[in-house]
Amino acid sequence: MSHLTMIKTLNLRPFYSTSSLRKIVMTSMLGAAVTMSGCSLLSVYKIDLPQGTPITQTQAQKLQVGMNQNQVLYILGSPAIRDTLEPNRWDYIYDYKAGTEGRRQGIADVKNASQHLKVYFDNNGIVTSIQGLETLPQ
């Protein structure tokens, strides 16, 4: 027998049929669609990111000209900025970026140091001026 007759006698059928190929393609497409839709439903948990000291107008209105630095620390806590070049000024700045939980509760972002309270002292550490009360929330 020659090689040509051997090839002719072999019945070569495709490994897969058209219907099984369609089933594989449809299953793959359905799986891809389910996977991609799941990505939008399941997101990564993001933490709330507060930076600085959150102060309300009610807290800040307890400050009075004539108080000393310890009294200010007791009422407001530590300032966000104590500038070594301007030691008689304390800055209380607050920024907030809502994460997953903050968005669920509807808490708005606070950006660009829009809540900024400045407390000025004289050389003896006594409050002489308070600025920025209007930037604080009620």
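Go through Asp83, Asp122 for me and flag whichever is over 30 Å from Val44 (Cβ atoms) and touching a Lys or Arg at 6+ places or on another chain (Cβ under 7 Å). Give the steps one after another, and end with the answer.
Values: Asp122 fails: touching a Lys or Arg at 6+ places or on another chain (Cβ under 7 Å).
Among Asp83, Asp122, only Asp83 is over 30 Å from Val44 (Cβ atoms) and touching a Lys or Arg at 6+ places or on another chain (Cβ under 7 Å).
Note on region 120-138: residues that are open to solvent by 50 Å² or more (accessible area, probe 1.4 Å), farther than 17 Å from Gln57 by Cα and in contact with a helix residue (DSSP H, G or I) (Cβ under 9 Å, 6 or more places away or on another chain) amount to 1. Criterion first (under 15 Å from Val127 (Cβ atoms), free of Cβ contacts under 8 Å to residues at least 12 places away in the same chain and either in contact with a helix residue (DSSP H, G or I) (Cβ under 9 Å, 6 or more places away or on another chain) or open to solvent by 60 Å² or more (accessible area, probe 1.4 Å) (or both)) does Tyr74 satisfy it? Yes; evaluated as a whole, the condition is true for this residue. Going by the structure shown, is Thr58 at pLDDT below 90 and loosely packed, with under 13 Cβ neighbours inside 10 Å? Against the criterion (at pLDDT below 90 and loosely packed, with under 13 Cβ neighbours inside 10 Å), Thr58 qualifies.
Residues in region 21-55 that are of a type in the set (Ser, Thr, Tyr) and either in contact with a His (Cβ under 8 Å, 6 or more places away or on another chain) or at pLDDT 75 or above (or both): 4 in all. Looking only at residues in region 86-119 that are part of a strand (DSSP E or B), open to solvent by less than 50 Å² (accessible area, probe 1.4 Å) and not hydrophobic (A, V, I, L, M, F, W, C), the one that is nearest to Tyr45 (Cα to Cα) is Tyr96.
The values are calculated or read from the model by the stated rules, or taken from the named source; none is laboratory data. Just so it is clear, the model here is predicted, and its values are computed rather than measured. No Cβ is skipped: glycine too gets one built from the backbone with ideal geometry, and neighbour counts run over all protein chains shown. Quick note on the areas: whole protein, heavy atoms, side chains included, nothing else; ligands and nucleic acids left out. Shrake-Rupley method; radii C 1.70, N 1.55, O 1.52, S 1.80 Å.
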